[in-house]
Amino acid sequence: MRKTAAKKAAAKKAVAKKTAAKKTAAKAAGEAVTDPAGPAAGKPSAKAAKAVKPESRVAMVRRARRINRELAEVYPYAHPELDFRNPFELLVATVLSAQTTDLRVNQTTPALFAKYPTPEDMAAAVPEELEELIRPTGFFRAKAKSLLGLSAALRDNFGSEVPGRLEDLVTLPGVGRKTANVVLGNAFGVPGVTVDTHFGRLVRRWKWTEQEDPEKVEAEVCAIFPKAEWTMLSHRIIFHGRRICHSRKPACGACPIAHLCPSYGEGETDPEKAKKLLKYEKGGYPGQRLSPPPDYPGRPAAPVGTTE
């Protein structure tokens, strides 16, 4: 009898220990997923809910379109930041803009176009003289080769006129889809998405796409928006990337669409510190164009060799 009673007591003790352990584990788990600042203990936090329930495709598209609408209010003056007077000048300036700033290109092209105003003139240029004119834009030998090649192709194959079709533009030396879309959208009014480094960075931060390849990014973003929006969407996103949503230190605390951004907090969130990171007209500085559109609210850039 004594042995039986001892066994029962030991069994009860083991069950009690097991139950207590379960309660402790449950409590710890509850603490891990609840918001300590929340009014109701035990309810899942917002972070936990987001982790469990990812954004649907429909919700993402709605958020993306709202971002576009709000950027249109922030940058009603968004435009291509290369100075040009005709399709040929825009084509040349866009080729030169690779691996440099639009400002540097805009400071270089006045002298370039004064000497070579047409495809025939540029195709007949002495390579060394052309290289010297475009040297400030970097990679000047490769760029000179592209300019000579595309100018000769325009002269020989297109009657010295820049073609208005993507399939023709991409046959020109040094011209890819990005350059072609810039020319089509801004010289011919043909809608296109321009995937440069700023555009790709922002659409990935906003979770519109996870793609890295520019053509795949272009395809996925085009699927979100009506075709009529493509060109201005590109300008707005690039403007925002250059002024606020920088690569290394985005100004999150001064961002007008922070409430729609799933990556908020990657940069400076303090409003006063964030304001100091703003560039161009948003920071009170000159823009990139020497001859900006009339509705641009900032100051024009200074010509090369001059100071503010």
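Some observations on this one:
- Note on segment 146-189: residues that are assigned to a helix (DSSP H, G or I) and either more than 29 Å from the chain's Cα centre (by Cα) or at positive phi (or both) total 9.
- Among all residues of segment 281-291, there is at least one that is surrounded by fewer than 12 Cβ atoms within 10 Å (Cβ to Cβ) and at pLDDT 95 or above.
- Contact annotation: no residue pair with Cβ atoms under 7 Å, 6 or more positions apart or on different chains, pairs a residue in segment 89-100 that is among the basic types (Lys, Arg) with a partner that is buried (at least 22 other Cβ atoms within 10 Å of the Cβ) and assigned to a loop (DSSP other than H, G, I, E, B).
- Annotation: of all residues in segment 120-136 being in contact with a Ser or Thr (Cβ under 9 Å, 6 or more places away or on another chain) and outside any helix (DSSP H, G or I), the one that is nearest to SER160 (Cα to Cα) is ALA124.
- Helices (runs of 4 or more DSSP H) completely within segment 1-106 that count 1 or more residues being closer than 23 Å to LEU233 by Cα and modelled with pLDDT of 50 or more: 57-74, 87-96
- Residues that are more than 21 Å from CYS261 (Cβ to Cβ) and either modelled with pLDDT under 95 or open to solvent by 70 Å² or more (accessible area, probe 1.4 Å) (or both), drawn from segment 172-203: ARG177, LYS178, PHE188
- Filter result (touching a Cys at 6+ places or on another chain (Cβ under 9 Å), without any contact (Cβ under 8 Å) to a residue 60 or more places away in the chain, closer than 24 Å to VAL195 by Cβ and not aromatic (Phe, Trp, Tyr)) within segment 262-282: SER263, GLY267
- Residues that are out of contact with any Gly (no Cβ under 9 Å at 6 or more places or on another chain) and open to solvent by 60 Å² or more (accessible area, probe 1.4 Å) within segment 204-218 comprise ARG204, LYS207, GLU210, ASP213, GLU215, LYS216, listed in sequence order.
- Criterion (of a type in the set (Phe, Trp, Tyr) and closer than 19 Å to GLU81 by Cβ) met by exactly one of PHE225, PHE199, PHE140: PHE199
- Among (1) in contact (Cβ under 8 Å) with a residue 60 or more places away in the chain; (2) exposed (fewer than 14 other Cβ atoms within 10 Å of the Cβ), the one test that GLU128 misses: (1)
- Condition check for GLY298: in contact with a Lys or Arg (Cβ under 7 Å, 6 or more places away or on another chain), over 17 Å from TRP208 (Cα atoms), open to solvent by less than 70 Å² (accessible area, probe 1.4 Å) and not in a helix (DSSP H, G or I): no
- Near pairs, Cβ below 8 angstrom, 6+ apart or cross-chain, from segment 151-178 (closer than 23 Å to PRO80 by Cα) to any residue that is assigned to a helix (DSSP H, G or I) and basic (Lys, Arg): LEU166/ARG177; VAL170/ARG177; PRO173/LYS145; GLY174/LYS143; GLY174/LYS145
- Set side by side, the residues ARG155, ARG165, ARG135 differ, and just one is basic (Lys, Arg) and touching a helix residue (DSSP H, G or I) at 6+ places or on another chain (Cβ under 6 Å), which is ARG155.
- Residue tally, condition over 20 Å from GLU161 (Cβ atoms) and buried (at least 21 other Cβ atoms within 10 Å of the Cβ), over segment 104-119: 3
The values are calculated or read from the model by the stated rules, or taken from the named source; none is laboratory data. Source: prediction; values computed, not measured. Quick reminder, even Gly has a Cβ in these numbers, built from the backbone with ideal geometry, and neighbours come from all protein chains shown. Heavy atoms of the whole protein, side chains included, go into the accessibility calculation; ligands, DNA and RNA do not. Shrake-Rupley method; radii C 1.70, N 1.55, O 1.52, S 1.80 Å.
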